[in-house]
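The values are calculated or read from the model by the stated rules, or taken from the named source; none is laboratory data. On a predicted model such as this, the values are computed, not experimentally measured, just so you know. All Cβ positions, glycine included, derive from the backbone under ideal geometry; neighbour counts span all protein chains shown.
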Amino acid sequence: MAKRPTKAPPAPLAVAATPRKSGRPTSAKPRPKKAAKPALATESPAAAPTEAAPPPQPETADPFAFGADQRHLLETLSLNLAKAAMTAQSAIAEAALSQADRPAALSPDPFNVAPAMTSVMTSLAARPEKLFQAQADLFGRYMDLWSSTSRRAMDEEVAPAPSTDKRFRDPAWSENPVFDVMRQSYLVTSEWMNGLVSSVEDVDPRVKRKAEFFTKLLTDAFSPANFLASNPAALKALAETGGESLVKGMQNFAADLERGAGKLKISQADYGQFKVGENVATAPGQVIWRDELFELIQFDAATDAQHAIPLLIIPPWINKFYIMDLQPANSLIRWLSAQGFTVFVCSWVNPDQDKAEFGFEEYLNKGIYRAIEKTLEQTGQKQLNAVGYCIGGTLLGAALAHMAARKDARVASATFFAAQHDFAEAGDLLLFTDEHWLAEIEQQMDAAGGVLPGAAMADTFNALRANDLIWSFFVSNYLMGKAPAAFDLLFWNADQTRMPKRLHLDYLRQMYGHNALAKGEFEIGGQRIDLSKVTIPLYFQASREDHIAPMNSVYRSARLFGGQVTYTLAGSGHIAGVINPPSANKYQHWTNPALPDTLADWQAEAEQHPGSWWTHWSAWLHEKSGDQIPARDPKTGPLKPLEPAPGAYVKVKS
């Protein structure tokens with residue numbers, strides 16, 4: 001760029017400059033004067049004719065010169081880029097210092113991915129014809145891409161390749177030829193890599209799935225959408241805000257590093273917008289029992305009469321119970337109360353180091369059994385209906401078999417939400433249960449005093465849906481500089497609990513590792529558990545897109561029990577499939593009173609219904625809940641109320 005003059009230029013001469021060629025910048029510096037030609041010896045200076053001066057002409061404007069506005073924008077952008085860089089560097093330095101005194105990771109490959117990838121590559125190398133065919137396929141795809149790109153460069157009308165990938169929904173990914181090539185070449189390569197690994201046939205299925213999972217994680221991470229220089233939406237925001245978007249992004253980055261005590265803990269929601277008991281978990285009720293392991297909450301009646309047999313819900317201890325009571329409009333607890341059920345919920349303690357040696361036996365005897373005892377004491381009934389959600393349902397199933405062996409009939413019927421008892425096809429969480437990873441988990445728990453930090457489970461669940469729960473927030477929060485949205489579901493998702501070391505390791509080894517419950521090899525309280533001895537009516541709910549408790553895994557679980565079992569399949573996933581109030585008119589569900597050998601056979605005869613499955617379950621539950629009695633008041637039962645719902649345990653942060 002030409003330098004701007006430091007002094008005022010001289011006034012224009014009364015002569016015209018020769019017109020400049022179009023397109024060439026005008027230099028800001030004055031041109032040096034040419035030396036005058038020497039006079040001829042035969043001529044005298046006086047005799048030399050005087051040349052006429054050319055007519056004056058104004059100088060051409062310098063296209064590289066900035067006006068005041070442009071200079072200000074450039075200076076602002078430069079300052080903001082420097083500020084963003086300094087913010088990021090400072091945050092990373094502080095994070096490094098905070099991590100300096102922590103022990104190094106037990107293994108550079110805690111998930112033991114290297115042997116899985118070696119097995120896959122060895123299989124491919126043993127079949128060179130397959131590898132050659134895959135390479136030819138990749139070459140053909142790239143030839144198609146470059147052909148369309150070349151035609152587009154020659155101004156031919158070429159329709160951009162369609163993409164349903166949410167990462168590339170900004171129009172610039174298709175409209176700008178450069179970014180379109182980036183997008184398509186990335187998709188071609190990533191799809192080819194993932195397809196190549198999936199095509200291997202002679203490798204153990206679990207080893208192959210591990211290779212597939214981590215190949216997908218790798219290709220997701222290298223998406224051009226995840227980098228500032230190759231994301232057109234982020235670059236546009238950078239230009240439009242004069243770099244302010246990147247400054248805000250790095251401030252978000254620094255805040256997340258600080259919140260994670262030196263480890264990046266990506267914010268998924270504006271956590272400051274929610275407070276448990278004030279704008280989430282607001283269903284009215286009373287804590288009627290509290291001990292070292294749980295609080296028992298009885299919720300207020302919403303009808304004048306209620307069923308005599310109460311309903312006790314056992315939620316997972318991995319999360320907090322208020323997923324069933326986020327807002328009045330989608331609260332399962334409020335909805336059940338409005339249907340005339342007396343609702344009790346076991347709110348688990350957020351365990352600390354003193355619970356490190358608590359295992360299944362403690363959670364059975366001090367948890368489920370005591371919750372049953374206190375619910376019946378409060379209502380004066382001899383039986384109750386129970387609900388087990390996720391891992392809470394796993395323990396409830398074992399408890400029912402334990403009760404059946406002891407002829408204990410206090411539970412009249414049970415419902416399972418997204419709960420597994422057969423873990424042979426338990427989805428991608430199986431990848432996190434080999435001994436290499438369990439050794440890493442055990443080290444984390446030992447460092448934390450005998451409990452698994454809540455963030456560890458959050459990281460695992462986020463990895464199962466990395467594009468949705470990691471990279472989308474990485475781009476939005478850091479590259480775009482946006483503030484996280486006020487989303488109650490993601491606020492709950494981040495409100496994780498700790499887990500006792502003994503309980504968690506036993507769960508991963510016994511259930512996921514050995515599938516002991518399904519095989520009849522699981523023992524609790526000195527009793528070997530046989531699920532086929534459970535003959536009370538059971539209702540199983542699964543979700544079609546559930547990646548944590550896959551629908552086939554839940555179906556296999558349902559077939560382990562004796563007696564009458566009802567299986568219902570809901571639309572959507574692990575959370576939205578369960579928490580789907582009828583008023584939302586969302587998704588669909590399928591029913592089939594039979595329980596044939598396979599899920600495919602069940603689906604072939606299943607009937608589809610629009611909307612929520614809650615109404616189908618409610619009809620089933622009404623038949624098993626006894627006569628109508630005057631509505632119960634939690635404040636007037638035999639157990640005196642300790643404090644209003646949602647209680648104290650649910651408010652303890654990890």
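Pick out the one residue from Ser245, Ser267 that is under 14 Å from Tyr478 (Cβ atoms), in contact with a Gly (Cβ under 6 Å, 6 or more places away or on another chain) and not hydrophobic (A, V, I, L, M, F, W, C).
On the way: Ser267 fails: in contact with a Gly (Cβ under 6 Å, 6 or more places away or on another chain).
It is Ser245.
Scanning the range 382-418 for residues that are part of a loop (DSSP other than H, G, I, E, B) and either not acidic (Asp, Glu) or not assigned by TED's automatic domain parsing to the domain that holds Phe522 (or both), which turns out surrounded by the most Cβ atoms within 10 Å (Cβ to Cβ)? Reasoning before the result, please.
Step one: filter the range 382-418 for residues part of a loop (DSSP other than H, G, I, E, B), giving 382-383, 390, 406-410, 418.
Filter once more, keeping what is either not acidic (Asp, Glu) or not assigned by TED's automatic domain parsing to the domain that holds Phe522 (or both): 382-383, 390, 406-407, 409-410, 418.
Numbers: Lys382: 10, Gln383: 20, Cys390: 23, Arg406: 9, Lys407: 6, Ala409: 11, Arg410: 15, Ala418: 27.
Top of the filtered list is Ala418.
Table: residues versus (1) in contact with a strand residue (DSSP E or B) (Cβ under 9 Å, 6 or more places away or on another chain); (2) closer than 30 Å to Ser572 by Cβ; (3) among the small types (Gly, Ala, Ser).
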{"site": "Gly393", "(1), (2), (3)": "yes, yes, yes"}
{"site": "Val411", "(1), (2), (3)": "yes, yes, no"}
{"site": "Gln443", "(1), (2), (3)": "no, no, no"}
{"site": "Val451", "(1), (2), (3)": "yes, no, no"}
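Quick grid of which residues meet (1) in contact (Cβ under 8 Å) with a residue 12 or more places away in the chain; (2) out of contact with any helix residue (DSSP H, G or I) (no Cβ under 7 Å at 6 or more places or on another chain); (3) of a type in the set (S, T, N, Q):
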residue: Ala549; (1), (2), (3): yes, yes, no
residue: Ser553; (1), (2), (3): yes, no, yes
residue: Val565; (1), (2), (3): yes, no, no
residue: Leu599; (1), (2), (3): yes, no, no
Of all residues in the range 365-381 being crowded, with 22+ Cβ neighbours inside 10 Å and aliphatic (A, V, I, L, M), which is farthest from Ala401 (Cα to Cα)? Ala371
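Taking the range 582-597 only, how many residues are more than 20 Å from Gly563 (Cβ to Cβ) and either at pLDDT below 95 or surrounded by fewer than 17 Cβ atoms within 10 Å (Cβ to Cβ) (or both)? Give the derivation first.
Let us first name the residues in the range 582-597 that are more than 20 Å from Gly563 (Cβ to Cβ), namely 582-590.
Now drop any that are not either at pLDDT below 95 or surrounded by fewer than 17 Cβ atoms within 10 Å (Cβ to Cβ) (or both), which leaves 582-586, 588.
Residues flagged as more than 20 Å from Gly563 (Cβ to Cβ) and either at pLDDT below 95 or surrounded by fewer than 17 Cβ atoms within 10 Å (Cβ to Cβ) (or both) within the range 582-597 amount to 6.
Given the options Ala225, Ala269, name the one that is surrounded by 17 or more Cβ atoms within 10 Å (Cβ to Cβ), within 19 Å of the chain's Cα centre (by Cα) and not assigned by TED's automatic domain parsing to the domain that holds Asp180.
Selected residue: Ala269, the only one of Ala225, Ala269 that is surrounded by 17 or more Cβ atoms within 10 Å (Cβ to Cβ), within 19 Å of the chain's Cα centre (by Cα) and not assigned by TED's automatic domain parsing to the domain that holds Asp180.
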Examine the range 625-640 for a residue that is in the same structural domain as Asn319 (by TED's automatic domain parsing), out of contact with any Gly (no Cβ under 9 Å at 6 or more places or on another chain), closer than 30 Å to Asp352 by Cα and surrounded by 12 or more Cβ atoms within 10 Å (Cβ to Cβ), and state whether such a residue exists. yes
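Enumerate the helices (runs of 4 or more DSSP H) found wholly within the range 144-221, keeping only those where 2 or more residues are without any contact (Cβ under 8 Å) to a residue 40 or more places away in the chain and farther than 30 Å from Thr460 by Cβ.
Numbers: elements: 172-175, 177-198, 205-221.
Hits in the range 144-221: 172-175, 177-198.
Out of all the residues in the range 591-611, is one or more assigned by TED's automatic domain parsing to the domain that holds Leu311, in a helix (DSSP H, G or I) and within 19 Å of Pro310 (Cα to Cα)? Walk me through it before giving the result.
Quick first cut of the range 591-611, residues assigned by TED's automatic domain parsing to the domain that holds Leu311 only: 591-611.
Still in the list and also in a helix (DSSP H, G or I): 599-605.
Retained after the next criterion (residues that are within 19 Å of Pro310 (Cα to Cα)): none.
Looking for residues that are assigned by TED's automatic domain parsing to the domain that holds Leu311, in a helix (DSSP H, G or I) and within 19 Å of Pro310 (Cα to Cα), one finds none in the range 591-611, hence no.
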Would you call His421 assigned by TED's automatic domain parsing to the domain that holds Asn350, touching a residue at least 40 places away in the same chain (Cβ under 8 Å) and either more than 30 Å from Lys248 (Cα to Cα) or surrounded by fewer than 18 Cβ atoms within 10 Å (Cβ to Cβ) (or both)? yes
For the range 350-369 the number of residues that are part of a loop (DSSP other than H, G, I, E, B) and either under 16 Å from Ile318 (Cβ atoms) or not aliphatic (A, V, I, L, M) (or both) is 6
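For the range 496-565, please list each of the helices (runs of 4 or more DSSP H) lying entirely inside it that holds at least 1 residues being β-branched (Val, Ile, Thr).
Numbers: elements: 501-506, 516-519, 551-558.
Answer list for the range 496-565: 551-558.
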